[in-house]
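Chemist: Okay, here's the structure, questions in a sec.
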Amino acid sequence: MTTLEIVLLIASLLLLALYVTSKMGKDQSLSEVIKEVKQDLKNTAENVSELVSKAKEVVFDESIQKTIK
């Protein structure tokens, strides 16, 4: 691993720890927090997937229009 990858990994882990500790402030058990974080990650992945597919459709439509013109 390069130095940049190590720094990014550490930063990601710190952000994840900060996110989980912010969820812990609601007086929930650790298992409930983990379930909530997993659900948040699933929702985020679905949203990103939808945005990427929509972006691909828009780019594809524009390229077809340029070809037709």
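Chemist: For the chain, with the dipole built from +1 on Lys and Arg beta-carbon atoms and -1 on Asp and Glu ones, taken about the Cα centre, which of Ser31, Leu8, Asn47 lies farthest toward the positive end?
Modeler: Of the listed residues, the answer is Asn47.
Chemist: Taking the Cα centre of the range 3-68 as origin, sum charge times position over the Cβ atoms of Lys and Arg (+1) and Asp and Glu (-1), and report the length of that vector in debye to the nearest 20.
Modeler: Magnitude of the dipole: close to 80 debye.
Chemist: Looking at the chain as a GNM with Cα springs under 10 Å, which of Lys56, Lys35, Lys23 has the largest mean-square fluctuation?
Modeler: Maximum among the listed residues: Lys56.
Chemist: Taking the chain as a Gaussian network, Cα atoms linked when under 10 Å apart, which of Leu14, Leu41, Leu30 shows the biggest mean-square fluctuation?
Modeler: Of Leu14, Leu41, Leu30, the most mobile in the Gaussian network model is Leu14.
Chemist: Let me ask something else. With angles folded into 0 to 90 degrees, how steeply does helix 3-24 sit against the dominant principal axis of the chain? Use alpha carbons for both and round to 10.
Modeler: The answer is roughly 60 degrees.
Chemist: Taking Rg/Rh (Cα atoms, Kirkwood Rh) straight from the coordinates, which label in [x] 0.95; [y] 1.25; [z] 1.10 is the correct one?
Modeler: [y]
Where a number appears in this text, it was derived from the coordinates with a stated rule and is not lab data. Keep in mind it's a predicted model, so treat the numbers as computed, not measured. Cβ atoms come from the backbone with ideal geometry, glycine included; neighbour counts cover every protein chain shown.
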